[in-house]
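Structure first, then comments.
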Amino acid sequence: MPNYFFLTKRVIETDILIIGAGPCGLFTVFQAGLVQLHCHLIDSLPTAGGQLAEIYPKKPIYDIPGFPIVLAGDLVNNLTKQAEPFKPGYTLGERAEYLEKMEDGRWKLTTNKGTEHAAPVIAIAAGLGCFEPRKPEIYNLSDFEDSGVDYIIKDPEKYRGKNVVISGGGDSALDWTIFLADVAKSVTLIHRRTIFRGHLDSVKKVNDLAGNGKISLVLNSEVTAINGVGKLENLEITNFDNDQITKVSADYFIPLFGLSPKLGPLKHWNLSLHKESIKVNPQDYSTNIPGIYAIGDINDYPGKLRLILCGFHEATLMVQSAYKYIYPDKNLVLRYTTVSGVKAF
Amino acid sequence: MENLIHINVTDLLGKKHKIQAPSDMGLNLMEAIRANDMQIKATCGGMAMCASCHVVVCNSRALPAMSEDEEAMLDDAFLLDIPHSRLSCQLKLTPELDGLEVRLGEGTGE
């Protein structure tokens, strides 16, 4: 019999499909694991951690119970570790896009990259929405988004032996310039000002690399045009001092101007919304659609506080309700981890 | 209350709001705008890390100088070129700010 396996698309199946791999999403995995429910997380960012990892990993947090002080990045690492025994799946760097009900009553969720997921319960823990890159104003920038322009670096190997132009003045522009200096054929860093923000030693490293001729540093300038046929070929860089335009050949242009959150596609899922938040029942954080819950910063109910610790509480109660939704005939008995421990999958 | 100051805030629809806030509680302008039930995104909550509390100052007041973080954030968000741009989360409310007029930047809404 011929093998038709290649025609069937693999659908990722789980019990609770969590949208958003921030602190609430990660803690949901742990709580669900305690009642033997499997989870899979989807996040538009290439790493787990949400805002904590992306916006303020080095900021101290003081209101996590039991931690007088914890760095946001460390909290996320610990939450990831805490979730590990329950073997969560991850679809990272993809945005949850389409949601539809399947014939068997489960939800089918497809990402912007076409990855399909199926689950009886959806938990939206999307914080302030999905982070989208800030894009410089270059009229034909979007024409090259699959052919030379990247806003997020997922796999640095992609740039091996290539001519890369990075634009930006913050830590990520500096860090990637340093990293790619050893990988790419050439790296040009363009910054609109003459001073960099970011860690002093990163700034020093970049200046040293430029001094040694390992990278090109172009200050007080910005990319004003990009050209190419079918793929990126060169960029035009305008210097603010004299308005002079320089052409630089490039295989990749990576603008790194940070990320800003947008509510995104879930706006169109018929959920009951209040401003930028999803209205929920504060008893179990269920939304107006059975089988869909919303926890953490993205939900809204009377008295809502956007605090990580409140999100943990919401995740815990939500999982109990999700269990009853999935297994209406089963009884769920609260068991303490001090008594039962953690039974890994 | 003695320590109340008034600030005029123009929202994204062009409507003017006269808000009042205490100047002795360590609040910043973003928090005062929020406390007066005006829509302001302020994603990062006040760490000068997102620029979604951007305002444009409309009258002259002796404002504290921008920190390097504030300036860099405005620059990253392509807002530094708009004259008199500030991050409202970085403007601590002090008696000197009484009568300040600001307009919310576009990034403060959806």
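Bear in mind these aren't lab numbers, they're just calculated from the coordinates by the rules spelled out. Note that the structure is predicted; figures quoted are calculated from it, not measured. For neighbour counting, all protein chains shown are included, and Cβ atoms are generated from backbone atoms with ideal geometry for every residue, glycine included.
Applied to the stretch B:79-88, the Karplus parametrisation 6.51 cos²θ - 1.76 cosθ + 1.60 on θ = phi - 60° returns per-residue 3J(HN,Hα) values of 10, 5, 6, 7, x, 6, 6, 9, 8, 5 Hz, with x for Gly and Pro. Evaluate the relative contact order of chain A (contact order divided by residue number), counting alpha-carbon pairs under 8 angstrom at least 6 apart; express in whole percent. Once divided by the residue count of chain A, the mean separation gives 19 percent. For the stretch B:4-108, the residue among B:6, B:66, B:49 whose Cα projects farthest onto the positive side of the dipole built from Cβ charges is B:6. Only helices enter the 222 nm calculation for chain B: every DSSP H run of n ≥ 4 contributes -39,500 (n - 2.57), and dividing by all residues gives -4000 deg cm²/dmol, rounded to 500.
The share of Cα pairs per 5 Å bin across the stretch A:135-257, counted from zero up to the longest distance, runs 2, 12, 24, 25, 22, 11, 3, 0 percent. Each principal axis of the Cα cloud of the protein assembly as shown was taken in turn, and the coordinate range along them, longest first, works out to 76, 74, 40 Å. Counting every alpha-carbon pair across the stretch A:241-345, the share separated by more than 19 Å comes to 63%. Its Cα centre serving as origin, the stretch A:135-257 has a Cβ charge dipole (Lys and Arg +1, Asp and Glu -1) of approximately 300 debye.
The lysines whose alpha-carbon is closer than 25 Å to the alpha-carbon of residue A:87, local same-chain residues fewer than 8 away aside, are A:9, A:108, A:113, A:154, A:324, A:330, A:343. With R₀ set to 22 Å, the beta-carbon distance separating residue B:8 from residue B:94 gives a calculated FRET efficiency near 0.85. Between residue A:240 and residue B:60, the simple label model (points 7 Å from Cα in the Cβ direction) yields a spacing of 2.4 nm.
Separation of the stretch B:25-62 from the stretch A:140-173 is 32 Å, based on Cα centroids. Where does the stretch B:18-96 land on Rg(C-alpha)/(2.2 N^0.38 Å)? Ratio of Rg to 2.2 N^0.38 Å for the stretch B:18-96: 1.03. Across the stretch A:331-345, rounded Karplus estimates of 3J(HN,Hα) from the backbone phi angles (6.51 cos²θ - 1.76 cosθ + 1.60, θ = phi - 60°) give 9, 10, 9, 5, 10, 7, 5, 5, 8, 9, x, 10, 8, 5, 7 Hz, Gly and Pro being marked x. Under the criterion of Cα pairs below 8 Å and six or more residues apart, the relative contact order for the stretch A:222-275 equals 22 percent.
Could you pull out which residues in the stretch A:237-281 have an amide N less than 20 Å from a spot 7 Å beyond the Cα of residue B:47, following the Cα-Cβ vector? From the stretch A:237-281, the list is A:256-263. Label-to-label distance, residue A:339 versus residue A:227, with points set 7 angstrom from Cα along the beta-carbon direction: 7.4 nm.
Given only helices, namely DSSP H runs of n ≥ 4 each adding -39500 (n - 2.57), what is the per-residue ellipticity at 222 nm of chain A, to the nearest 500 deg cm²/dmol? Walk me through the numbers on the way to the answer.
Values: 7 runs with 74 residues, N = 345.
Value at 222 nm, helices only, nearest 500: -6500 deg cm²/dmol.
Using a simple spin-label model with pseudo-atoms 7 Å out from Cα toward Cβ, residue A:113 and residue B:81 lie 3.3 nm apart.
The magnitude of the dipole of the protein assembly as shown, with charges of +1 and -1 set on the Cβ of Lys/Arg and Asp/Glu and taken from the Cα centre, is near 920 debye. Close amide H pairs (under 5 Å, H built 1.01 Å from N) link residue A:299 with A:278, residues at least 5 positions away or on another chain. Legend: mean number of C-beta atoms from other chains within 10 angstrom of residue C-beta atoms, peptide B:42-52, equals 4.
Phi-derived couplings, Karplus 6.51 cos²θ - 1.76 cosθ + 1.60 at θ = phi - 60°, listed residue by residue for the stretch A:231-245: 9, 4, 10, 8, 10, 10, 10, 9, 8, 5, 5, 10, 6, 6, 10 Hz, with x used for Gly and Pro. Taking every C-alpha pair closer than 8 Å and separated by at least 6 residues, the mean separation divided by the residue count of the stretch A:135-257 gives a relative contact order of 34 percent. For residue A:167, the residues whose modelled amide H falls within less than 5 Å of its own, excluding neighbours fewer than 5 places apart on the same chain, are A:190, A:254, A:256.
Per-residue extension of 0.36 nm, minus the Cα-Cα distance of residue A:200 and residue A:100, leaves a gain of 31.1 nm for this segment.
Proximity of backbone amide H atoms, modeled 1.01 Å from N, is registered between residue A:221 and A:191, A:192, A:193, A:240 at under 5 Å, excluding neighbours fewer than 5 places apart on the same chain. Positive-end ranking of A:319, A:46, A:142 along the dipole of the protein assembly as shown, with charges on Cβ about the Cα centre, is headed by A:319.
Extension gain for residue A:320 to residue A:87 (0.36 nm times residue separation, less C-alpha to C-alpha distance): 81.9 nm.
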